[in-house]
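Here the structure comes first, spelled out in C-alpha coordinates, and everything after it is commentary.
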Amino acid sequence: MNPVDLITKKRDGQALTADELQFLVSGYVQDNIPDYQLSAFLMAVYFSGMTADETAIFTQIMRDSGRVLELSAISGFKADKHSTGGVGDKVSLVLAPLVASAGLVVPMISGRALGHTGGTLDKLESIPNFRTDLTISELTNQLQKIGVALIGQTDDLCPADKKIYALRDATGTVQVIPLITASILSKKMAAGIDALVLDVKAGKGAIFKDQEKAWQLARMLVNTAAQFQLKTTAIITSMQQPLGNAVGNWLEAKEAIETLNGNGPADLAEVTLTLGAQMLVHGRISENLSDARAILKSKLENGDAFNKFVEIVEAQGGDLTVIREPHSYPAAKHYSVVKSPADGVISDILCREIGKISMELGAGRNAVTDPVDYTSGIYLNKKVGDRVSSGDILATAFSNEPEVLKKNESRLQKAFKVMDDEIEPEPLIYALIDTSGERKWDPNLQDFTSP
Ligand code: URA
(Lines give C-alpha, C1' and ligand atoms only; values in the text may rest on other atoms or scores of the structure.)
Protein backbone atom coordinates (compact mmCIF):
# COMPACT_ATOMS: atom_id res chain seq x y z
CA MET A 1 0.00 0.00 0.00
CA ASN A 2 1.11 3.51 -0.66
CA PRO A 3 -0.11 6.75 0.94
CA VAL A 4 -0.38 8.62 -2.37
CA ASP A 5 -2.84 6.05 -3.79
CA LEU A 6 -5.00 6.34 -0.66
CA ILE A 7 -4.93 10.14 -0.71
CA THR A 8 -6.01 10.20 -4.38
CA LYS A 9 -8.66 7.54 -3.75
CA LYS A 10 -10.20 9.70 -1.01
CA ARG A 11 -9.71 12.88 -3.05
CA ASP A 12 -11.73 11.24 -5.85
CA GLY A 13 -14.61 10.52 -3.46
CA GLN A 14 -14.14 6.79 -2.85
CA ALA A 15 -14.46 5.01 0.47
CA LEU A 16 -11.32 3.48 1.99
CA THR A 17 -11.26 -0.05 3.36
CA ALA A 18 -10.46 -0.94 6.98
CA ASP A 19 -6.96 -2.07 5.95
CA GLU A 20 -6.31 1.15 4.11
CA LEU A 21 -7.45 3.33 7.03
CA GLN A 22 -5.39 1.20 9.42
CA PHE A 23 -2.34 1.64 7.17
CA LEU A 24 -2.71 5.43 7.26
CA VAL A 25 -3.32 5.73 11.01
CA SER A 26 -0.61 3.26 12.11
CA GLY A 27 1.83 4.66 9.55
CA TYR A 28 1.30 8.17 10.90
CA VAL A 29 1.49 7.20 14.59
CA GLN A 30 4.72 5.26 13.92
CA ASP A 31 6.22 8.17 11.95
CA ASN A 32 6.32 6.18 8.70
CA ILE A 33 3.90 8.59 7.04
CA PRO A 34 4.93 12.27 7.19
CA ASP A 35 2.73 15.19 8.27
CA TYR A 36 2.32 16.47 4.71
CA GLN A 37 0.80 13.22 3.47
CA LEU A 38 -1.59 12.78 6.38
CA SER A 39 -2.54 16.48 6.04
CA ALA A 40 -3.42 15.87 2.39
CA PHE A 41 -5.53 12.88 3.41
CA LEU A 42 -7.35 14.92 6.10
CA MET A 43 -8.03 17.69 3.57
CA ALA A 44 -9.35 15.08 1.12
CA VAL A 45 -11.75 13.93 3.87
CA TYR A 46 -12.79 17.56 4.36
CA PHE A 47 -13.90 17.69 0.72
CA SER A 48 -15.04 14.11 0.11
CA GLY A 49 -16.35 13.08 3.56
CA MET A 50 -16.53 9.52 4.86
CA THR A 51 -19.37 7.02 4.70
CA ALA A 52 -21.04 5.90 7.94
CA ASP A 53 -19.13 2.59 7.78
CA GLU A 54 -15.82 4.29 7.12
CA THR A 55 -16.42 6.65 10.06
CA ALA A 56 -17.12 3.70 12.39
CA ILE A 57 -14.01 1.85 11.19
CA PHE A 58 -11.88 4.99 11.56
CA THR A 59 -13.27 5.46 15.10
CA GLN A 60 -12.41 1.89 16.02
CA ILE A 61 -8.87 2.19 14.64
CA MET A 62 -8.32 5.40 16.61
CA ARG A 63 -9.71 3.81 19.80
CA ASP A 64 -7.49 0.77 19.40
CA SER A 65 -4.35 2.83 18.77
CA GLY A 66 -3.81 2.73 22.55
CA ARG A 67 -5.15 1.15 25.71
CA VAL A 68 -8.86 0.55 26.12
CA LEU A 69 -9.80 0.69 29.81
CA GLU A 70 -11.71 -2.15 31.37
CA LEU A 71 -13.59 -0.73 34.34
CA SER A 72 -15.91 -3.67 35.05
CA ALA A 73 -14.16 -4.30 38.40
CA ILE A 74 -15.49 -0.95 39.57
CA SER A 75 -19.11 -1.30 40.59
CA GLY A 76 -21.65 1.23 39.35
CA PHE A 77 -22.79 2.64 36.05
CA LYS A 78 -20.03 4.54 34.26
CA ALA A 79 -21.10 7.59 32.32
CA ASP A 80 -19.43 10.62 30.83
CA LYS A 81 -20.33 13.82 29.02
CA HIS A 82 -18.50 15.49 26.16
CA SER A 83 -19.00 18.96 24.78
CA THR A 84 -18.03 19.96 21.27
CA GLY A 85 -16.65 23.15 22.84
CA GLY A 86 -17.67 26.70 23.40
CA VAL A 87 -17.06 29.96 25.23
CA GLY A 88 -17.64 30.02 29.00
CA ASP A 89 -18.51 26.32 28.95
CA LYS A 90 -17.59 25.20 32.47
CA VAL A 91 -20.38 22.59 32.62
CA SER A 92 -18.00 19.66 33.28
CA LEU A 93 -16.77 21.18 36.55
CA VAL A 94 -20.32 21.25 37.89
CA LEU A 95 -21.73 18.19 36.16
CA ALA A 96 -19.10 15.57 37.10
CA PRO A 97 -19.42 16.03 40.90
CA LEU A 98 -23.18 16.56 40.59
CA VAL A 99 -23.99 13.27 38.82
CA ALA A 100 -21.37 11.42 40.90
CA SER A 101 -23.13 12.65 44.05
CA ALA A 102 -26.29 11.08 42.63
CA GLY A 103 -24.61 7.67 42.24
CA LEU A 104 -22.97 7.51 38.81
CA VAL A 105 -19.32 6.61 38.29
CA VAL A 106 -17.69 9.33 36.16
CA PRO A 107 -14.29 8.79 34.54
CA MET A 108 -14.19 12.17 32.80
CA ILE A 109 -11.41 12.73 30.30
CA SER A 110 -11.16 16.33 29.16
CA GLY A 111 -9.11 18.56 26.89
CA ARG A 112 -7.29 21.88 26.92
CA ALA A 113 -8.18 25.33 25.60
CA LEU A 114 -7.48 25.87 21.92
CA GLY A 115 -8.45 28.74 19.66
CA HIS A 116 -11.46 30.72 20.88
CA THR A 117 -12.77 27.90 23.10
CA GLY A 118 -11.71 27.11 26.66
CA GLY A 119 -10.68 23.70 28.01
CA THR A 120 -11.77 21.93 31.18
CA LEU A 121 -8.21 20.89 32.08
CA ASP A 122 -6.97 24.50 32.19
CA LYS A 123 -9.94 25.51 34.33
CA LEU A 124 -9.20 22.67 36.77
CA GLU A 125 -5.49 23.42 36.81
CA SER A 126 -6.26 27.02 37.81
CA ILE A 127 -6.89 25.44 41.25
CA PRO A 128 -3.40 25.46 42.79
CA ASN A 129 -1.71 22.02 42.74
CA PHE A 130 -4.71 20.27 41.11
CA ARG A 131 -3.35 17.26 39.18
CA THR A 132 -5.02 16.26 35.93
CA ASP A 133 -2.25 13.83 34.91
CA LEU A 134 -3.36 10.82 36.94
CA THR A 135 -2.00 7.45 35.86
CA ILE A 136 -4.50 4.78 34.88
CA SER A 137 -4.06 3.05 38.23
CA GLU A 138 -4.54 6.34 40.12
CA LEU A 139 -7.66 6.91 38.03
CA THR A 140 -9.17 3.52 38.83
CA ASN A 141 -8.30 3.84 42.56
CA GLN A 142 -9.98 7.22 42.70
CA LEU A 143 -13.07 5.92 40.88
CA GLN A 144 -13.29 3.09 43.37
CA LYS A 145 -12.95 5.48 46.30
CA ILE A 146 -15.05 8.50 45.36
CA GLY A 147 -16.73 7.54 42.05
CA VAL A 148 -15.35 10.37 39.94
CA ALA A 149 -12.10 11.67 38.46
CA LEU A 150 -11.39 14.54 36.07
CA ILE A 151 -8.26 13.91 34.05
CA GLY A 152 -6.49 14.66 30.76
CA GLN A 153 -5.88 12.32 27.87
CA THR A 154 -2.92 10.13 28.86
CA ASP A 155 -0.24 9.05 26.37
CA ASP A 156 -1.59 5.52 26.32
CA LEU A 157 -5.23 6.43 25.58
CA CYS A 158 -5.90 7.13 21.90
CA PRO A 159 -2.39 8.27 20.90
CA ALA A 160 -3.60 8.45 17.28
CA ASP A 161 -6.19 11.06 18.16
CA LYS A 162 -3.65 13.13 20.08
CA LYS A 163 -1.29 13.25 17.11
CA ILE A 164 -3.93 13.63 14.41
CA TYR A 165 -5.88 16.31 16.34
CA ALA A 166 -2.75 18.47 16.61
CA LEU A 167 -2.23 18.11 12.85
CA ARG A 168 -5.89 18.93 12.13
CA ASP A 169 -5.58 22.02 14.26
CA ALA A 170 -2.62 23.20 12.19
CA THR A 171 -4.12 22.37 8.79
CA GLY A 172 -7.68 23.74 8.87
CA THR A 173 -9.23 20.28 9.17
CA VAL A 174 -10.86 20.46 12.61
CA GLN A 175 -14.33 21.24 11.23
CA VAL A 176 -14.92 17.89 9.54
CA ILE A 177 -17.88 15.87 10.83
CA PRO A 178 -16.49 12.30 10.41
CA LEU A 179 -13.13 13.35 11.86
CA ILE A 180 -14.76 15.02 14.88
CA THR A 181 -16.94 11.95 15.36
CA ALA A 182 -13.98 9.57 15.37
CA SER A 183 -11.94 11.89 17.59
CA ILE A 184 -14.62 12.26 20.27
CA LEU A 185 -15.95 8.70 20.30
CA SER A 186 -12.56 6.97 20.17
CA LYS A 187 -11.44 8.82 23.33
CA LYS A 188 -14.69 8.22 25.16
CA MET A 189 -14.84 4.53 24.25
CA ALA A 190 -11.23 4.03 25.32
CA ALA A 191 -12.27 5.19 28.81
CA GLY A 192 -14.50 2.13 29.25
CA ILE A 193 -17.82 3.92 29.84
CA ASP A 194 -21.35 2.46 29.66
CA ALA A 195 -23.07 5.61 28.40
CA LEU A 196 -22.25 8.98 26.93
CA VAL A 197 -24.15 12.25 26.79
CA LEU A 198 -22.94 14.69 24.16
CA ASP A 199 -23.42 18.42 24.45
CA VAL A 200 -23.36 19.46 20.80
CA LYS A 201 -23.09 23.23 20.70
CA ALA A 202 -24.94 25.20 18.02
CA GLY A 203 -24.55 28.88 17.27
CA LYS A 204 -22.03 31.59 16.61
CA GLY A 205 -19.46 30.42 19.17
CA ALA A 206 -19.72 26.70 18.32
CA ILE A 207 -17.32 24.55 16.30
CA PHE A 208 -19.52 25.13 13.23
CA LYS A 209 -21.11 28.54 12.69
CA ASP A 210 -23.79 26.92 10.51
CA GLN A 211 -26.62 25.67 12.79
CA GLU A 212 -27.60 22.77 10.54
CA LYS A 213 -24.09 21.30 10.84
CA ALA A 214 -24.62 20.83 14.61
CA TRP A 215 -27.60 18.57 13.86
CA GLN A 216 -25.58 16.62 11.26
CA LEU A 217 -22.73 16.17 13.74
CA ALA A 218 -25.12 15.04 16.49
CA ARG A 219 -26.73 12.47 14.17
CA MET A 220 -23.39 11.09 13.06
CA LEU A 221 -22.11 10.85 16.65
CA VAL A 222 -25.23 9.02 17.84
CA ASN A 223 -25.37 6.64 14.87
CA THR A 224 -21.66 5.83 15.03
CA ALA A 225 -21.77 5.20 18.80
CA ALA A 226 -24.73 2.86 18.24
CA GLN A 227 -22.54 0.66 16.05
CA PHE A 228 -20.43 0.03 19.18
CA GLN A 229 -23.47 -0.53 21.45
CA LEU A 230 -22.50 2.57 23.45
CA LYS A 231 -25.67 4.18 24.84
CA THR A 232 -25.38 7.72 23.55
CA THR A 233 -27.63 10.75 23.52
CA ALA A 234 -26.79 14.08 21.93
CA ILE A 235 -28.35 17.24 23.30
CA ILE A 236 -28.05 20.32 21.14
CA THR A 237 -27.54 23.47 23.24
CA SER A 238 -26.99 27.09 22.36
CA MET A 239 -23.61 28.70 21.90
CA GLN A 240 -25.08 31.93 20.52
CA GLN A 241 -23.61 33.77 23.51
CA PRO A 242 -21.13 32.60 26.16
CA LEU A 243 -22.53 30.25 28.78
CA GLY A 244 -22.79 31.87 32.21
CA ASN A 245 -21.05 35.18 32.88
CA ALA A 246 -17.42 34.17 33.33
CA VAL A 247 -14.92 33.47 30.52
CA GLY A 248 -11.36 32.55 31.52
CA ASN A 249 -9.93 29.77 33.62
CA TRP A 250 -10.14 30.73 37.31
CA LEU A 251 -13.11 33.04 36.65
CA GLU A 252 -14.94 29.99 35.28
CA ALA A 253 -13.81 27.65 38.06
CA LYS A 254 -15.14 30.21 40.56
CA GLU A 255 -18.45 30.40 38.72
CA ALA A 256 -18.65 26.60 38.74
CA ILE A 257 -18.13 26.63 42.53
CA GLU A 258 -20.90 29.22 42.87
CA THR A 259 -23.17 27.00 40.77
CA LEU A 260 -22.36 23.97 42.93
CA ASN A 261 -23.38 26.11 45.90
CA GLY A 262 -26.68 27.00 44.22
CA ASN A 263 -25.67 30.58 43.35
CA GLY A 264 -24.59 30.24 39.73
CA PRO A 265 -26.06 31.74 36.56
CA ALA A 266 -29.38 30.26 35.46
CA ASP A 267 -28.26 29.26 31.94
CA LEU A 268 -25.28 27.28 33.27
CA ALA A 269 -27.45 25.49 35.84
CA GLU A 270 -30.08 24.73 33.20
CA VAL A 271 -27.68 23.15 30.68
CA THR A 272 -25.99 21.18 33.49
CA LEU A 273 -29.30 19.84 34.83
CA THR A 274 -30.49 18.85 31.34
CA LEU A 275 -27.31 16.92 30.51
CA GLY A 276 -27.08 15.42 33.99
CA ALA A 277 -30.71 14.27 33.97
CA GLN A 278 -30.05 12.36 30.76
CA MET A 279 -26.99 10.71 32.33
CA LEU A 280 -29.08 9.58 35.33
CA VAL A 281 -31.74 8.12 33.01
CA HIS A 282 -29.05 6.18 31.12
CA GLY A 283 -27.75 4.84 34.44
CA ARG A 284 -31.29 3.87 35.54
CA ILE A 285 -30.95 6.04 38.63
CA SER A 286 -34.20 7.64 37.43
CA GLU A 287 -36.93 6.45 35.12
CA ASN A 288 -37.49 9.81 33.47
CA LEU A 289 -35.90 13.20 32.97
CA SER A 290 -38.12 15.09 35.39
CA ASP A 291 -37.40 12.73 38.33
CA ALA A 292 -33.71 12.89 37.44
CA ARG A 293 -33.81 16.70 37.47
CA ALA A 294 -35.45 16.70 40.89
CA ILE A 295 -32.68 14.45 42.28
CA LEU A 296 -29.97 16.69 40.83
CA LYS A 297 -31.58 19.86 42.14
CA SER A 298 -31.74 18.35 45.61
CA LYS A 299 -28.03 17.46 45.38
CA LEU A 300 -27.22 21.08 44.58
CA GLU A 301 -29.43 22.33 47.41
CA ASN A 302 -28.29 19.95 50.15
CA GLY A 303 -24.56 20.46 49.50
CA ASP A 304 -23.85 16.89 48.27
CA ALA A 305 -22.67 18.09 44.84
CA PHE A 306 -20.33 20.70 46.32
CA ASN A 307 -18.99 18.19 48.85
CA LYS A 308 -18.25 15.76 46.00
CA PHE A 309 -16.32 18.54 44.24
CA VAL A 310 -14.32 19.06 47.45
CA GLU A 311 -13.56 15.30 47.47
CA ILE A 312 -12.33 15.49 43.87
CA VAL A 313 -10.07 18.46 44.56
CA GLU A 314 -8.69 16.79 47.67
CA ALA A 315 -8.10 13.46 45.90
CA GLN A 316 -6.33 15.21 43.02
CA GLY A 317 -4.07 17.27 45.27
CA GLY A 318 -5.75 20.67 44.78
CA ASP A 319 -5.80 23.52 47.29
CA LEU A 320 -9.07 23.40 49.23
CA THR A 321 -8.74 26.94 50.61
CA VAL A 322 -9.63 28.57 47.29
CA ILE A 323 -12.56 26.18 46.85
CA ARG A 324 -13.97 27.07 50.26
CA GLU A 325 -13.01 30.76 50.00
CA PRO A 326 -12.87 31.62 46.29
CA HIS A 327 -12.28 35.30 47.13
CA SER A 328 -8.88 34.40 48.57
CA TYR A 329 -7.63 33.60 45.02
CA PRO A 330 -5.18 36.24 43.73
CA ALA A 331 -6.82 38.45 41.12
CA ALA A 332 -5.24 39.54 37.81
CA LYS A 333 -3.08 42.64 38.35
CA HIS A 334 -5.17 44.84 36.05
CA TYR A 335 -8.78 45.16 35.00
CA SER A 336 -10.88 47.49 32.92
CA VAL A 337 -14.59 47.93 32.36
CA VAL A 338 -16.46 48.63 29.13
CA LYS A 339 -19.73 50.57 29.26
CA SER A 340 -22.88 50.73 27.22
CA PRO A 341 -22.81 53.60 24.70
CA ALA A 342 -26.64 53.86 24.71
CA ASP A 343 -29.89 52.98 26.44
CA GLY A 344 -31.57 49.83 25.13
CA VAL A 345 -31.51 46.05 25.24
CA ILE A 346 -28.52 43.78 24.61
CA SER A 347 -29.50 42.09 21.35
CA ASP A 348 -26.31 40.14 20.69
CA ILE A 349 -22.93 39.30 22.20
CA LEU A 350 -20.38 38.20 19.60
CA CYS A 351 -19.50 34.88 21.14
CA ARG A 352 -16.42 33.96 19.10
CA GLU A 353 -15.08 37.48 19.55
CA ILE A 354 -15.44 37.20 23.35
CA GLY A 355 -13.54 33.90 23.21
CA LYS A 356 -10.78 35.45 21.09
CA ILE A 357 -10.44 38.54 23.28
CA SER A 358 -10.25 36.38 26.40
CA MET A 359 -7.54 34.35 24.68
CA GLU A 360 -5.57 37.55 23.88
CA LEU A 361 -5.90 38.72 27.47
CA GLY A 362 -3.97 35.57 28.39
CA ALA A 363 -6.66 32.97 29.12
CA GLY A 364 -6.21 30.91 25.96
CA ARG A 365 -3.56 29.57 23.64
CA ASN A 366 -2.67 29.44 19.94
CA ALA A 367 -0.73 26.18 20.15
CA VAL A 368 -1.31 23.25 22.51
CA THR A 369 2.05 23.87 24.18
CA ASP A 370 1.49 27.61 24.94
CA PRO A 371 1.10 28.51 28.64
CA VAL A 372 -2.14 30.09 29.91
CA ASP A 373 -2.71 32.77 32.52
CA TYR A 374 -5.34 31.49 34.96
CA THR A 375 -6.44 34.87 36.31
CA SER A 376 -7.19 36.67 33.05
CA GLY A 377 -10.49 36.65 31.16
CA ILE A 378 -13.78 38.47 30.89
CA TYR A 379 -16.75 38.78 33.20
CA LEU A 380 -19.96 39.58 31.32
CA ASN A 381 -21.92 41.95 33.53
CA LYS A 382 -24.77 41.86 31.00
CA LYS A 383 -26.19 39.09 28.83
CA VAL A 384 -28.48 39.02 25.79
CA GLY A 385 -31.96 40.32 26.67
CA ASP A 386 -30.76 42.54 29.55
CA ARG A 387 -31.98 46.13 29.53
CA VAL A 388 -29.17 48.70 29.90
CA SER A 389 -28.79 52.44 30.36
CA SER A 390 -26.02 54.43 28.75
CA GLY A 391 -22.91 54.10 30.94
CA ASP A 392 -23.88 50.76 32.51
CA ILE A 393 -21.01 48.28 32.76
CA LEU A 394 -21.28 45.62 30.03
CA ALA A 395 -18.18 43.62 30.84
CA THR A 396 -15.05 43.58 32.98
CA ALA A 397 -11.78 42.43 31.43
CA PHE A 398 -8.94 41.04 33.54
CA SER A 399 -5.31 40.68 32.49
CA ASN A 400 -1.78 40.81 33.81
CA GLU A 401 -0.72 42.79 30.73
CA PRO A 402 -2.00 46.39 30.87
CA GLU A 403 -1.23 47.19 27.24
CA VAL A 404 -3.15 44.12 26.00
CA LEU A 405 -6.06 45.15 28.21
CA LYS A 406 -6.05 48.68 26.74
CA LYS A 407 -5.76 47.38 23.16
CA ASN A 408 -8.86 45.20 23.58
CA GLU A 409 -11.18 47.70 25.29
CA SER A 410 -13.01 49.01 22.23
CA ARG A 411 -13.04 45.55 20.66
CA LEU A 412 -14.78 44.24 23.77
CA GLN A 413 -17.30 47.05 23.74
CA LYS A 414 -18.07 46.38 20.06
CA ALA A 415 -18.78 42.73 20.88
CA PHE A 416 -22.00 43.91 22.57
CA LYS A 417 -24.90 45.02 20.36
CA VAL A 418 -27.46 47.34 21.93
CA MET A 419 -30.89 47.83 20.30
CA ASP A 420 -33.92 49.94 21.15
CA ASP A 421 -36.51 47.16 21.10
CA GLU A 422 -37.13 44.15 23.28
CA ILE A 423 -35.88 40.97 21.65
CA GLU A 424 -37.42 37.54 21.40
CA PRO A 425 -35.39 35.22 23.73
CA GLU A 426 -33.56 32.48 21.82
CA PRO A 427 -33.72 28.86 23.03
CA LEU A 428 -30.95 27.71 25.36
CA ILE A 429 -31.61 24.04 24.63
CA TYR A 430 -32.76 22.98 21.19
CA ALA A 431 -33.18 19.26 20.84
CA LEU A 432 -32.32 15.73 21.89
CA ILE A 433 -31.13 13.20 19.35
CA ASP A 434 -30.77 9.49 19.98
CA THR A 435 -31.23 6.35 17.92
CA SER A 436 -35.01 6.53 18.37
CA GLY A 437 -35.14 9.93 16.67
CA GLU A 438 -35.20 13.61 17.49
CA ARG A 439 -37.22 15.53 20.07
CA LYS A 440 -37.54 19.25 20.63
CA TRP A 441 -36.97 20.98 24.00
CA ASP A 442 -40.05 22.50 25.58
CA PRO A 443 -38.90 25.06 28.18
CA ASN A 444 -42.33 25.14 29.86
CA LEU A 445 -42.48 21.37 30.35
CA GLN A 446 -38.71 21.24 30.96
CA ASP A 447 -38.68 18.14 28.82
CA PHE A 448 -38.19 17.05 25.22
CA THR A 449 -41.26 16.48 23.11
CA SER A 450 -41.75 14.65 19.82
CA PRO A 451 -42.48 16.91 16.84
N1 URA B 1 -13.42 17.80 20.25
C2 URA B 1 -12.68 16.68 20.09
O3 URA B 1 -12.36 15.97 21.04
N4 URA B 1 -12.29 16.35 18.85
C5 URA B 1 -12.62 17.09 17.76
O6 URA B 1 -12.24 16.72 16.67
C7 URA B 1 -13.38 18.25 17.94
C8 URA B 1 -13.78 18.58 19.21
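Which of the following residues is farther than 20 Å from T224 by Cα, within 16 Å of the ligand (Cβ to nearest atom) and surrounded by fewer than 24 Cβ atoms within 10 Å (Cβ to Cβ): L121, L42?
L121
Restricting to segment 165-189, give me the number of residues that are within 12 Å of the ligand (Cβ to nearest atom), of a type outside the set (D, E, K, R) and closer than 18 Å to V68 by Cα.
Taking segment 165-189 first, the residues within 12 Å of the ligand (Cβ to nearest atom) are 165-169, 173-188.
Adding the requirement that they be of a type outside the set (D, E, K, R) leaves 165-167, 173-186.
Checking the rest, the ones that are also closer than 18 Å to V68 by Cα come to 181-186.
Here the count works out to 6.
For segment 347-354, check the following and say yes or no: at least one residue is surrounded by 17 or more Cβ atoms within 10 Å (Cβ to Cβ) and assigned to a loop (DSSP other than H, G, I, E, B).
Taking every residue of segment 347-354 in turn, at least one turns out to be surrounded by 17 or more Cβ atoms within 10 Å (Cβ to Cβ) and assigned to a loop (DSSP other than H, G, I, E, B).
Checking N245 against (1) touching a helix residue (DSSP H, G or I) at 6+ places or on another chain (Cβ under 9 Å); (2) at pLDDT 95 or above; (3) surrounded by 24 or more Cβ atoms within 10 Å (Cβ to Cβ): exactly one of these is not met. Which one?
Status for N245: all satisfied but (3).
Could you list, in sequence order, all residues of segment 132-173 that are among the basic types (K, R) and surrounded by fewer than 16 Cβ atoms within 10 Å (Cβ to Cβ)?
Answer for segment 132-173, where residues must be among the basic types (K, R) and surrounded by fewer than 16 Cβ atoms within 10 Å (Cβ to Cβ): just K145.
Which pairs turn up if I take residues in segment 145-159 that are free of Cβ contacts under 8 Å to residues at least 40 places away in the same chain and look for partners that are β-branched (V, I, T) and assigned to a strand (DSSP E or B) with beta carbon separation below 6 Å, at least 6 apart in sequence or on another chain?
Pairs found: none.
When you check K163 against the structure, is it charged (D, E, K, R), part of a helix (DSSP H, G or I) and in contact with a Leu (Cβ under 8 Å, 6 or more places away or on another chain), yes or no? If you could, list the steps in order and put the result at the bottom.
On the way: charged (D, E, K, R): yes; part of a helix (DSSP H, G or I): yes; in contact with a Leu (Cβ under 8 Å, 6 or more places away or on another chain): no.
In short, no.
Quick check on segment 124-160: of everything there that is part of a helix (DSSP H, G or I) and within 16 Å of the ligand (Cβ to nearest atom), which residue is farthest from V105 (Cα to Cα)?
A160
Could you tell me which of the residues L289, L260 is more than 30 Å from M62 (Cα to Cα), surrounded by fewer than 21 Cβ atoms within 10 Å (Cβ to Cβ) and among the hydrophobic types (A, V, I, L, M, F, W, C)?
None of the other options fit; the residue is L289.
Collect the residues in segment 414-445 that are more than 23 Å from the chain's Cα centre (by Cα) and outside any loop (DSSP other than H, G, I, E, B), keeping them in residue-number order.
K414, F416, K417, V418, M419, G437, D442
Among the listed residues P330, P371, which satisfies the condition of being touching a residue at least 40 places away in the same chain (Cβ under 8 Å) and in a loop (DSSP other than H, G, I, E, B)?
P330
Which ones in segment 88-108 are more than 14 Å from the ligand (Cβ to nearest atom) and either in a strand (DSSP E or B) or under 21 Å from E353 (Cβ atoms) (or both)?
If the condition is that a residue be more than 14 Å from the ligand (Cβ to nearest atom) and either in a strand (DSSP E or B) or under 21 Å from E353 (Cβ atoms) (or both), then G88, K90, V105, V106, P107 are the ones that fit.
What residue, among those in segment 190-199 that are away from the ligand (no atom under 12 Å from the Cβ) and more than 16 Å from T154 (Cβ to Cβ), is most open to solvent (accessible area, probe 1.4 Å)?
Checking each candidate, the answer is D194.
Tell me which residues, restricted to segment 396-416, are open to solvent by less than 80 Å² (accessible area, probe 1.4 Å) and not aliphatic (A, V, I, L, M).
Listed by number, the residues that qualify are T396, F398, S399, N400, P402, N408, E409, S410, R411, Q413, F416.
Which one is surrounded by the most Cβ atoms within 10 Å (Cβ to Cβ), of the residues in segment 204-219 that are modelled with pLDDT of 95 or more, more than 10 Å from the ligand (Cβ to nearest atom) and under 15 Å from I235 (Cβ atoms)?
A218
The values are calculated or read from the model by the stated rules, or taken from the named source; none is laboratory data. Quick caveat, the model's predicted, so the values are computed rather than measured. Counting neighbours? That spans all protein chains shown, and the Cβs are built from the backbone with ideal geometry, glycine included. Side chains are part of the model used for accessible areas, which takes the heavy atoms of the whole protein and leaves out ligands, DNA and RNA. Shrake-Rupley method; radii C 1.70, N 1.55, O 1.52, S 1.80 Å.
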